[in-house]
Amino acid sequence: NECENSIDYKPCTTVEALNFPNIGNCNEWTIWGAIQDNMDDSCMHNKYQEGMVLAGTADLEIAKSWLMEECQKVFGCTTYKDVRVNGCTYNSFTEKVESSLGDSCPHGLNKELQILTKTNSDVAAKNYIDAICNSAWEQVDSNTFNDVDIDFTPTFMSEYSLGGTYLNSETGNFKGDNPDYQTSDQSRRAGNSIQEFEENNLSSNVLGSVETLSTCDYQSIMCCFGRDRQSNDNNGNCNDGEGNCDDADPADNSNLCFTEPSLTPFPGELEDAVHCHGLAWAEDSNEFISQLRFNNFFFVSLYDHMYTRGYVERMVDNSDEIPMCGCIENMPAVSRADCTQIDASLTFTFNRGAAGLLVQDGDNLNINFNSCRGIRYNDPEQAKNNDLASYTSKLVRDNKMSNATQDVIFQTLLGYANPDDNENEAACAAGYEKLAVGRVYPCSDFDDNEINGCDYLTILTAIDEAMNEACPHDLFKELQILTGTDNDVDAKDYIDTMCNAAWNDVDKTIYQDIDLDLTDDFMDEYTAGRTYLNLEIGNFIGDNPTYETSEESRRVGDNIRLFYENGVGSTALQASFSNFQSCENQAIACCFGADRQSNDNNGNCSDDDCADADPADNSNLCFTEPSFTAYPQASEGSVHCHGLAWSDDSNDFSARFKYNNFFYVSMYDHMVARGYVKHMVDNEDDIPMCGCIEDMPKVSRADCTQLDVQLTFRYSLDYDGLLVAEIDNDLEVDFKACQGIIFGTENRKNNDLSAYVNRLVIEGKMSATTQSNIYQMLLGYENPGNNNNEAVCAEAYEALHGAGTYSND
């Protein structure tokens, strides 16, 4: 045997001389050939014997195995020539290597990777593969956003993401036409460019980055849209012919929870309809979903949502200036978002070179855009598609995203555990209260809400109606949240102060603006019954041939009528005359004792007899104080009493416009329209014609006028999440007979002051104590339908002076 005793030969070469690192293949024929090539003519034995000498064995099979193992130690167990792999990432490469190692390889995958990359550690091997893949991706055909359209410069795209370009702010269709909104030439051109790029380049070229989105730390971008600019696309509520696209809503698929840093909450539908859609990618920058993330962003934002659906603009405008699209960590907290994923293929070819592994990209990039296929966070066995939070759970499961990164993403996607709930108020509340320590998430939505009035009860009612049914706290706690207070008293004070400030913007008028004579002193005398308006006889409307109207009465009457027609319903009339400044019992009454005007179908003044004419009789004067002069059996003559009452909340319409009401009751409806003037009787008690209810004499009853007011206040939350109000100045004041409820019953009674007072008590606008004080003046409150209620007058008088004292005797 020619190989026998070969171990005794001296070697003619060395293992190092065989140059295993560059041998090209570690099969036995390549190794024997390398040995033969390194033996010169002086060698006294053949290549097999030389191999046994190098291996230190006389067994050829053992020598062969030893030589192959030595070769594989430095060359590796895989040849890697023209190896084709879909994608170029550390994971895709190692999977291919692992499948090629075979059972005979003397080392594991990690060592093989070090050999292939000519490195000496796992980390270095990974870095090498990452680097060559990154270089290969750089050779793939690419485009910039500016290649899509000449306007899409880096600055423009950053502004677009913030929501600040003409694409965001204009209204009009990219596809088709809207007869109400002409699409600008630049929007039309940009839309066509987007469509062409989607059709011809988006799926085959890598799209470059957007500067503001290029440094996302947490592997995700989200867009949340607040407006629909395009009609006829079956998305959002922008429609032809309705003129509503300036503020049309996108399809609602999420809740805006709050914005930062102001921590402004958006409970309920405060933000209106919003539509959120996002994308996420792998930690490995060479993954398809990472390298092509801006293709995905283009598809999600510019093509699928703006061009196709018309969705533009950020969700809300406030001091936090949230973007329309941004890195997930820069977006406000929402309940959830839809999601699009990249499904792509691109062949990369690997070869071994003298310096290590080489890779070359192919030219067959193909990209598809599909709804994300995710898994539920709380139930990984259950699929959940088209949900960004669920897609990140799949990335975490597949080791493409860390739990720490997902945790940060879930600080934005607060409803991650319940992705089927678009309106996840509970998740919003929990997220807000965790971040805003000491504050509670509101349950009512106030965003430019239009409400008629600004007073405590009106606002309380509006909040009650706006609270969602699942709210974990009561109405009064909600009010405290919206006012930044911690008790009911402070909450009411906040509302009072807020409304007072808003009321300051309402148009105001004083009595002297009606006529120059109506000074404070004059009005004090008028209400006492002592001015020429009270004492003269003559018509304000038309003429009385017997009694000529003085020029000053005519002028004042004309001005009162003019103000009634053009002013009293659109301004807040102010009064500073002293008689009405301290009405403690929230009511004013006028009781008239004379009629100065004829031909108005009121009272008994006629063309030839007005010197002592009476008004229409609707009440009894019982007695006056302090003299306790009694007026039994209609001894006071015919008297006519009419009053008004208001809420104990100074911001209630009835209180804010009480002087409008007094003007209407006394100066217009009774004096100018009917001619009723003077106080009821002349005696030592000097009773007024009109006064605070506590200053008037005791009567059986009075008619009543109430206000119907329309004045819109707009309510919203400020940057601190606190309620604010602004007035609209659409004031309309109407006057009508009071609608009341008879005391102690549920029976309605209109045009009666005592019944209206009872209604104010029932509605929480007047205390029972105040009502009792008023009823000491309106003695017939239990029987308000009786104009001649002698019995109540007698009962009250005789309770003070003894039985039988109330008589004409």
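Here is how the numbers come out for the structure above:
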{"item": "Angle in degrees between helix 551-566 and the longest Cα principal axis of the chain, rounded to the nearest 10", "result": "30 degrees"}
{"item": "Label-point separation in nm, residue 263 to residue 317, each point 7 Å along Cα→Cβ", "result": "2.7 nm"}
{"item": "Solvent-accessible area per residue, Å², over the stretch 1-134 with all protein chains present [probe radius 1.4 Å]", "result": "53 Å²"}
{"item": "Alpha-carbon centroids, the stretch 11-29 and the stretch 395-468: separation in whole Å", "result": "70 Å"}
{"item": "Rounded Å value of the spacing that divides the Cα centres of the stretch 340-360 and the stretch 166-232", "result": "32 Å"}
{"item": "For the stretch 324-391, alpha-carbon Rg relative to the globular expectation (2.2 N^0.38 Å, N residues)", "result": "1.68"}
{"item": "Label-point separation, residue 469 to residue 768 (7 Å along Cα→Cβ), nm", "result": "3.5 nm"}
{"item": "Nearest-10 value in Å² for the accessible area of residue 233, using the 1.4 Å probe", "result": "20 Å²"}
{"item": "Förster-model FRET efficiency, 56 Å R0, residue 120 and residue 234, C-beta, rounded to 0.05", "result": "0.40"}
{"item": "304, 612, 617, 455, reordered so the largest accessible area comes first (probe 1.4 Å)", "result": "612, 617, 304, 455"}
{"item": "Apportionment of accessible area to carbon and sulfur, the stretch 339-472, percent (1.4 Å)", "result": "42 percent"}
{"item": "With Cα atoms, 0 to 90° folded angle of helix 753-762 axis to the chain main axis", "result": "30 degrees"}
{"item": "Mean ellipticity per residue at 222 nm, deg cm²/dmol - from DSSP H runs of n ≥ 4 across the chain, formula -39500 (n - 2.57)", "result": "-9000 deg cm²/dmol"}
{"item": "Cubic angstrom per residue, convex hull over Cα atoms of the chain", "result": "205 Å³"}
{"item": "Reciprocal mean inverse distance between Cα atoms of the stretch 234-281 - Kirkwood radius, Å", "result": "12.6 Å"}
{"item": "Spin-label model distance (nm) - residue 599 vs residue 60, 7 Å beyond Cα toward Cβ", "result": "14.7 nm"}
{"item": "Total formal charge among the other residues, if their Cβ is under 9 angstrom from that of residue 594, Lys/Arg +1 and Asp/Glu -1", "result": "-1"}
{"item": "Gyration tensor verdict on the stretch 1-91 (Cα atoms; rounded if a/c is under 1.5, prolate if a/b is larger than b/c, oblate otherwise)", "result": "prolate"}
{"item": "Neighbour-limited loop hits for GluC sites (Glu not before Pro), the stretch 622-706 (at most 15 other Cβ within 10 Å; DSSP other than H, G, I, E, B)", "result": "684"}
{"item": "Projected area, mean over directions - the stretch 520-572, Cα convex hull, nm²", "result": "4.3 nm²"}
{"item": "DSSP-loop chymotrypsin sites (Phe, Trp or Tyr not before Pro) across the stretch 562-667, with at most 13 other Cβ within 10 angstrom", "result": "628"}
{"item": "Accessible-area composition of the stretch 553-630, carbon plus sulfur, in percent [1.4 Å probe]", "result": "40 percent"}
{"item": "Extension gain, residue 686 back to residue 96 (0.36 nm per residue minus Cα-Cα distance, nm)", "result": "201.2 nm"}
{"item": "Cα-based reach from residue 492 at 18 Å (exclusive), listing lysines while leaving out same-chain residues under 8 positions away", "result": "477, 765"}
{"item": "Those lysines that a straight Cα-Cα span of less than 29 Å connects to residue 126, excepting residues fewer than 8 apart in one chain", "result": "73, 81, 96, 111, 118, 394, 400"}
{"item": "Hull volume in cubic angstrom per residue (convex hull over the Cα atoms of the stretch 130-217)", "result": "108 Å³"}
{"item": "Contour minus Cα-Cα distance for residue 786 and residue 42 (0.36 nm per residue)", "result": "253.1 nm"}
{"item": "Tail beyond 17 Å, pair distance distribution of the stretch 722-809 (Cα, percent)", "result": "61 percent"}
{"item": "Computed over the stretch 426-529, Cα set: Rg, Dmax in Å", "result": "20.7, 67"}
{"item": "Inter-centroid distance (Cα atoms) of the stretch 573-631 relative to the stretch 282-312, Å", "result": "80 Å"}
{"item": "Residue 185/residue 576 FRET efficiency (R0 60 Å; Cβ-Cβ; nearest 0.05)", "result": "0.45"}
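The values are calculated or read from the model by the stated rules, or taken from the named source; none is laboratory data. These numbers come from a predicted model, not from an experiment. Every residue, glycine as well, gets a Cβ built from its backbone with ideal geometry; the counts of neighbours run over all protein chains shown. Just so you know, the surface numbers come from the protein's heavy atoms only, side chains and all, with ligands and any DNA or RNA stripped out. Shrake-Rupley method; radii C 1.70, N 1.55, O 1.52, S 1.80 Å.
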